[in-house]
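Read the figures in this text as sums done on the coordinates, not as results from a lab. Fair warning: this is a prediction, and the values are worked out from it, not measured in the lab. Neighbour counts are summed over all protein chains in view; Cβ atoms, including those assigned to glycine, are modelled from backbone coordinates with ideal geometry.
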Ligand SMILES: Cc1cc2nc3c(=O)[nH]c(=O)nc-3n(C[C@H](O)[C@H](O)[C@H](O)COP(=O)(O)OP(=O)(O)OC[C@H]3O[C@@H](n4cnc5c(N)ncnc54)[C@H](O)[C@@H]3O)c2cc1C
């Protein structure tokens, strides 16, 4: 009889979500195999490095603390004390409404802590190497899935087969596991792309994350530690697709001029401090978050435009939910009851967040002047009502 290498859990996908899921389950005592066909790129300036950053919000930090990961990240993480929203949608590109959402109004902690994705990968991989319960196999991907009632068998790209009680699909927006299980998704496109890169600037960011709305999508500056002795921020700049590709192709000096016009120079003139990367923007959600012996997490289950630091934080909330269910009844991980519970707890919230972020994105894309004026008035009105303002902040953090 053929025997297979057997684990409690197999995580398909070693992006930030898959690696953190492996760490979370491994530190709870489950045996875990995590596979990814790509080697992790763990240096800022290496080809293929992920220059996006992630603001880990309060609930996400708790999960990473429990997994023993936070101690590795703390020194590099920039606290976000204020989320500043600027409407610059008037005739000329200058701030006309500025509103500060201040973390101390709702908690004694910052909203979140910002970390570059390449650094998260570096620390996650190093952490997994020290864990006896976890095997991480880069350069090996999921090639096929056979899910039975009491286990799932995963055929790997190196020709071997591994078996588990719970398969966690963290293999991205085109998830091969989700496709193998025929779980449908709905996708909404915006004709929009995001440029992600790092900048330095003369004025300090003072731990303020700033979203500037004009048209095409937000221009967001998120605090990073100083770079080469100068204050530094990560930028996510969303634009209509053709305009984003034009900006991407501009010579550096012309690109800097364009970004300085769009940033309204709120931190003084910005200097490009990394290569530029470009990301397609969609909303996508799976019809269900589970299949036989399988849970979908992160972008395999939901994709949102990068607004309000929700994407990876929704993924960490998926993991929190799965981990709690697994710890409550470890003998039955991957059972239909556990997976249905997971779906019931997460899917309504995922749908609500996808809808909310979709609305914010469409509002930020507006180009007609009267609609942009309406947007500025809406921001003023929402902000001036203290209970509404606080509720919005709590919702953003996932505290409600
Ligand atoms: C511009 C931008 C800015 C963002 N900023 C933020 C932010 O500030 N805060 C936030 O919370 N979120 C943010 N997000 C979202 C966040 O980056 C994503 O949610 C997160 O990186 C996605 O993680 P993931 O692991 O699901 O997917 P991915 O990073 O795509 O990882 C999927 C992994 O699966 C692997 N894979 C593919 N095929 C296979 C296979 N056959 N077998 C096994 N593995 C496979 C891939 O190689 C990859 O490593 C941003 C997104 C964008 C586009």
To the nearest 10 degrees, how steeply does helix 117-129 sit against the main Cα axis of the chain, on a 0 to 90 scale? 20
How far is helix 16-27 tilted, in degrees, relative to the longest principal axis of the Cα atoms in the chain, given as a value from 0 to 90 rounded to the nearest 10? 50
Nearest 10 degrees, 0 to 90: helix 311-328 Cα axis against the chain principal axis: 30
FRET efficiency estimate (nearest 0.05) - Cβ-Cβ, residue 160 to residue 132, R0 25 angstrom: 0.75
Report the full-extension gain for the segment residue 94 to residue 258: residue separation times 0.36 nm, less the Cα-Cα distance, to one decimal in nm. 57.7 nm
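Can you tell me the equivalent ellipsoid semi-axes for the range 1-114? Use √(5λ) from the Cα gyration tensor, largest first, whole Å.
So the equivalent ellipsoid measures 38, 19, 12 Å along its semi-axes.
Could you compute how fast the range 272-318 diffuses translationally, taking Rh as the Kirkwood radius over C-alpha pairs and applying Stokes-Einstein at 37 °C with viscosity 0.692 mPa s? Give it in µm² per second. Intermediate values should be presented prior to the final figure.
Values: Rh = 12.3 Å.
Result for D is 266 µm²/s.
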Taking neighbour Cβ counts within 10 Å as the exposure measure, how do 25, 136, 4, 255 sort from fewest upward? 4, 255, 136, 25
Just grab the label-to-label distance for residue 174 and residue 249, each label 7 Å out from Cα along the Cβ direction, in nm (one decimal). 2.3
For the range 112-241, the Kirkwood Rh over every pair of distinct alpha carbons, in Å, works out to 18.8
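Quantify how much of the Cα-Cα distance distribution of the range 42-168 extends past 21 Å, in percent. It would help to have the intermediate numbers written out before the result.
Details: 4966 of 8001 pairs.
Within the range 42-168, distances greater than 21 Å cover 62 percent of Cα pairs.
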Range of Cα positions in the range 280-380 per principal axis (Å), largest first: 59, 24, 18
Rg and Dmax in Å for the range 155-309, alpha carbons only: what are they? 19.5, 56
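Just the number, please: percent antiparallel of the DSSP beta bridges in the chain, rounded to the nearest 5. If you can, show how the numbers build up before the last one.
Details: 58 of 84 bridges.
That works out to approximately 70 percent antiparallel.
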From the convex hull of the Cα coordinates of the chain, what is the mean projected area in square nanometres? 19.4
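Just rank 108, 171, 358, 8, fewest to most, by other beta-carbon atoms within 10 angstrom.
On the way: 108 6, 171 28, 358 16, 8 20.
Fewest to most other Cβ atoms nearby, the residues stand as 108, 358, 8, 171.
Can you give the convex hull volume per residue for the Cα atoms of the range 253-336, as a whole number of Å³? Provide the component values of the computation, followed by the final result.
Numbers: hull volume 12.4 nm³, N = 84.
Taking only Cα atoms, the range 253-336 has a hull volume of 147 Å³ per residue.
Efficiency by 1/(1 + (r/R0)^6): what FRET value for residue 329 and residue 66, r their Cβ-Cβ distance, R0 = 22 Å, to the nearest 0.05? Each step should come with its number before you reach the end.
Values: r = 18 Å, r/R0 = 0.83.
Plugging the Cβ-Cβ distance into 1/(1 + (r/R0)^6) gives 0.75.
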By count of other Cβ within 10 Å, fewest leading, how are 83, 245 ordered? 245, 83
